[in-house]
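Participant: The following block contains the structure, expressed as structure tokens.
The values are calculated or read from the model by the stated rules, or taken from the named source; none is laboratory data. Keep in mind that this is a model prediction, so the values were computed, not measured. Ideal geometry is used to build each Cβ from the backbone, glycine not excepted, and the neighbour counts take in all protein chains shown. Side chains are part of the model used for accessible areas, which takes the heavy atoms of the whole protein and leaves out ligands, DNA and RNA. Shrake-Rupley method; radii C 1.70, N 1.55, O 1.52, S 1.80 Å.
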Amino acid sequence: MSVRRVVPIAMRLSWLVLIALAIGESVTDLPGPGWATTLLPALVVLALMVATMSLQARAGSPRGEPGPPVEVAPPVTGRWKALNSPADKVPSHGTHAYGQTYAIDIVAEPETAEGEAPGRPGAGPATRPQAEPATRPQAEPAPRPEAGPVTRPAFRLFWPVVRRNRAFPAFGAPLLAVADATVVVASDGQRDHLSRNSLPALAYLMLAEAPVRSIVGAHRIIGNHVILDLGGGTYAVYAHLRRGSLRVRAGDRVRAGQEIGRVGNSGNTTEPHLHFHLMDGPDPDAARGVPFTWRGVGVPANGETFTVVEPEERDGQSTEEQAEKQAGRPAEQQAGRPVAGRAAGS
């Protein structure tokens, strides 16, 4: 077993010892001086935490110049907004750990167009039942798509402190395979917690929840997740999935565009969203990030919205028309946009 794996395990064991000593000290008088039962174990834990973070950063740090972005299909359909994008800075999340150098977060930002039913992205057009002839009994109207929020709740300073996940249009949105691939990891047993999109809730996340999750390990940071082997030494990570939503398991083969799960709010998150990145190995603790670009979309910048059309809507359209509709801009602008350079550069 490598040092990179031994040190985090030793850190977690040291935490357990420190907690046990603290409990023991509070209920009884432990033998020996106080520094031996409190200060020394605390210093050991601190040293192991620093060593763990250093090893994680070293394992994930890029070597040499980044390669060209790997082009894959978008993992969602509908209208979305990019956050923490590698188009604006690298590493996009402020760290190379867990192979997320070129990671991106996206949140649903649906719009209700004329004649369209309010609901989740891709809910479909609103329809009005047609009158049946008087000689025949009137048929039951077709069930309407599941209604959902049309707008994403804004961040609040104090109230409401938390929100339920169904208040966010991204929650439950389908996630699609970005390429033909093999599932190497599929985990969806963690709960979806309430939002952390207020000042008190965000402080709790940053000061209490996030440190505990980082101590426990990467799987508690990324929450429910899927890792796909795209071939050629490239792996795709989908993080923060909805509990119980996975439609695949390890070893399955999937086709591009196949639904593999749903957006959730598990792991180290402030609200339901998708965290996506590519990496060069199946283990987030040891992998390095790989630049990506989404076909027809590119790499959307921070705060930029983009639209991915449903597959059935693409039939009969030229490649240029598809790119224009997905990117929300003329096809010639899409083709000339320096997406790859921004993703792999600063």
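Participant: For the range 171-281, take N as its residue count and report Rg(C-alpha) divided by 2.2 N^0.38 Å.
Facilitator: Compared with the compact-globule rule of thumb, the range 171-281 sits at 1.08.
Participant: Round to the nearest 0.05 the FRET efficiency obtained for Arg247 and Ala42 when R0 = 41 Å and r is the Cβ-Cβ distance.
Facilitator: 0.35
Participant: Same structure again: Under 1.5 on a/c is rounded, so check that first for the range 157-229, then, if it is not, pick prolate when a/b is larger than b/c and oblate when it is not; a ≥ b ≥ c are the square roots of the alpha carbon gyration tensor eigenvalues.
Facilitator: It comes out oblate by the Cα gyration axes.
Participant: Give the long-range amide H neighbours of Glu304: residues separated by 5 or more places, or on another chain, with amide H under 5 Å away, using H modelled in the peptide plane at 1.01 Å from N.
Facilitator: Ala82
Participant: Please list, in chain and number order, the residues 5+ apart from Leu274 or on another chain whose amide H is under 5 Å from its amide H, with Hs placed from the backbone.
Facilitator: Ile106
Participant: Using the Karplus curve 6.51 cos²θ - 1.76 cosθ + 1.60 with θ = phi - 60°, what ³J(HN,Hα) values do you get for each residue of the range 82-94, in whole Hz, with x for Gly and Pro?
Facilitator: The phi angles translate into 8, 9, 6, 8, x, 5, 9, 7, 9, x, 5, 9, x Hz.
Participant: What shape does the range 234-309 take by its C-alpha gyration tensor, where a ≥ b ≥ c are the square roots of the eigenvalues and a/c under 1.5 counts as rounded, a/b above b/c as prolate, and the rest as oblate?
Facilitator: Judged from the Cα gyration tensor, the range 234-309 comes out rounded (a/c under 1.5).
Participant: Using a 7 Å offset from the Cα along the Cα-to-Cβ direction at both Ser61 and Leu16, what is the distance between the two label points in nm, to one decimal?
Facilitator: Placing both labels 7 Å along Cα→Cβ, they lie 3.2 nm apart.
Participant: From largest accessible area down, sort Trp159, Trp80, Trp15; use a 1.4 Å probe on the protein chains.
Facilitator: Trp159, Trp15, Trp80
Participant: Ser26 to Ala51: extension gain in nm, 0.36 nm per residue of separation minus the Cα-Cα distance?
Facilitator: 6.1 nm
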